[in-house]
Structures are given as structure tokens and as C-alpha cells.
1. Semi-axes of segment 211-268's equivalent ellipsoid from the Cα gyration tensor, sqrt of 5 times each eigenvalue, largest first, rounded to whole Å?
2. Between Ser252 and Arg128, what's the calculated FRET efficiency when r is the beta-carbon distance and R0 is 30 Å? Round to 0.05.
3. Counting only pairs 8 or more residues apart or on different chains, how many lysine pairs in the chain have their Cα atoms under 25 Å apart?
4. How large is Rg over Rh for segment 22-96, taking Rg from the Cα atoms and Rh as the Kirkwood inverse mean of 1/r across Cα pairs?
5. With contacts defined as alpha carbon pairs under 8 Å and 6 or more residues apart, what's the relative contact order of the chain in percent?
6. Given R₀ = 41 Å, what would the calculated FRET efficiency be for Glu226 paired with Leu117, taking r from the Cβ atoms and rounding to 0.05?
7. Can you tell which of Arg302, Arg98, Arg14 shows the greatest fluctuation in a Gaussian network model of the chain with Cα springs below 10 Å?
8. Arranged by the count of other C-beta atoms within 10 angstrom, fewest first, what order do Asp290, Asp256 take?
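Just so it is clear, none of the values below were taken in a lab; they were calculated from the coordinates. Computed from a predicted structure; not experimentally measured. When we count neighbours, we look across all protein chains shown, and the Cβ atoms used for this are built from the backbone with ideal geometry, even at glycine.
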Amino acid sequence: ATILMVGLVLVLYRLPSLKSENQIESFVSREAAFVFNNLILLGATFAVLWGTLLPLISEGFTGQEIAVGPPFFNRVNLPIGLALLALMGIGPVIAWRRASKRNLKKNFVWPLGVGVLTAAALWIAGARHGMALLTFGISAFVMTIIVVEFWKGTRARARIEGEGVAKAFYHLTARNRRRWGGYIVHVGVVLIFTAFAAAPWYGEFLQTLEPGETMVAESPLGHTYEMTYEGMSTNVRDPDKNLQWQAVALVSVRRDGEPLGTFTTEKRRYIRPEAQIVTEVGIKQFPMEDLYIILADADLERILQGDAGGQAVTFNVLVKPLIAWIWAGGLILTFGSLISMWPSAERVKTPSSSRGRAGATGAEPLPAGD
């Protein structure tokens, strides 16, 4: 609270110096997009700060602490995040000072059409989650703008310099790293937003199996997973691994009839710290979805004793689409940031080159030290 108050006082004190010399001529301009971007970030900061401090403020004034959990932050920050995502596409291509109808039509008609068609196609396919559809539509809008900008820049350089597409693309990015590196960062952000938008379609399946029995999990992308419980293996008291005991479930998996192999999911109890039980998850990753097999429940006492009649276990199986896109988006974001921050080579004038130019113009170069 002290830091907040001191910061507010300093901002108010310096407010006259913060006033811009120029005025925004139109809200439909690149300058306005920058201002909106900053205001949205400020709003997100305030929302997180308010949600964090509200329990303390409530307890201080009323004696009762109000619980503020993830639903509050998700509900508040989701529209803020979508607004920022849209501005990622609008800001870099909208005109300075005042955007004309021609500028808006040239830069936004096709991307907007792609975004609408993407959301409509998902709706026709059966998707009904409104915010997810909006996120997919905005993501397609922004990605189309980025692709078009890269294509126009690469094509223009290839035509002017007579270079191939790959070479022109490289030189285009190298000549203006901050701009094109920023676009690459935006690609990573779009992939992350798209992956988050797939959360409503996560599939979860819970079933108790005896050895030899099979459960089926349907992927939202149309794949079918068959998981056969093969049995348990145990390991009791292994000080070298800090294990008090270990119970491992063996599961053979098939995807659309094709075998993927045998996966393990287990529960471990460590010697130190006391009574700490950890669940290890069996994971299979694909470019479009991930499969998680979790040993949710079992009669561990009977299993560790080797009781053949107590081998039934409960599996929790999760199928989550686009998880790999989060990792890919993070890597692309990092790569784009490095490109943007990488220093550009600058030409340095040497004395010899200066004398050479002086001689070429008929001027006498000055002696060294004059």
C-alpha cells in the first residue's frame, strides 16, 4: 500500500511533464491503438491488484475475509486478454494519424473475413463455447494479418533485389529486426491463446478396471484411445531411491487401432519427508493433443501385499487438445524476442575511407591531428 501511494503521488507530481506535445487526431489510428494497448494493460494490472488485495482490505474493515479465487481472475482477464490479442493485429498495420476507409479496407477486410469464417466453421462443427469461438476467430484474424505482412514484405524485396523467397525473407527480417521480430513474437502469442481456447474441449474419463479389462476414451479431435490394464508391479523399501514403496500400473494403449506401446502410471511414497505420496502420470504427446493416464485410486495395501484379489484400480484419463501449441508458442515467442533484441551491425567510417572520398572529390585531406 505504501509503494502504491508513493507511486501515485509521484505520478501526480510529474503529470504536467508527462503530457504529450501532440494530440491524437483520431481514435482510428496507430497512435490511438498504442494508447488503448497501454490502458488495457493498466486495467489488467489493476484487476489483478484488486483481486489480490481485496481479501486483506475486507478483513481489515469488516473482520471477514472474502475469498477471491481463479474464477474471478479468469472472468476479468479473459476479455482484457482478447482485446490485447485483437490490438496485436490492428496496431501494426493501421495508418498513423488517421486511418482512411481505403487503409481499413486494404488491411482488414480479408483478415476479418478469415476470422469470421474460422469461428463459423467451428460452430458448424459443433463448437458452442462463445468465448472460445471468439478467441479462435480473433487468433485467425491476427495470424492472417501477420502472414500477409510477411508475404508482402518478402515478395517486394524478392522483386526489387532479385532474390529467392527464402533469402528475401531472411534479409527482410535482418534489416528491421525490431519490426519483424515483433511479428514473430505475436505468432507465439497467437498460438498460446489458441491453445488456451481449446480448454472447453478437454476430455476426462474415469473408470475402475480389473487386470485385462479395457476402457475407451474419445478424443475431441475424433481419435479413439483404448487402454488395457495389464496389471501392477511393486517395489518396497528402496533407500537408494528414498522410496518406502512404489506401486506401478502397466497400461497398453492403442490409438485408432494402432498400438502406441505400454505406459506406466504409479504412486510412490517417499521415506523423507514422511508420508509424502506422489502420483506419476503416463503421458503421450502429439502435435494436436496430449493423452494423460493417471492412477487415481487403488487398494494400495492389498496391492503391496501381493493380494491377487485386490488388483482393481481406478484410472483417470485426460485428453487435452493443443497442449503442444503452448510449448511451441513459448519457443517462438522467445525466438522472436531474441531477434528483436539482437544488435544490428553498424557501419563505422574509417580514416582511410574518409581520405579516399576526399581525394575522389579533389579535396585535400587534413593531416592527422588537425
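1. 30, 11, 9
2. Working from the Cβ atoms, E equals 0.30.
3. Lysine pairs meeting both conditions in the chain amount to 8.
4. That ratio is 1.18, to two decimals.
5. The value is 13 percent.
6. 0.70
7. In this elastic network of the chain, the residue with the biggest mean-square fluctuation among Arg302, Arg98, Arg14 is Arg14.
8. Asp256, Asp290
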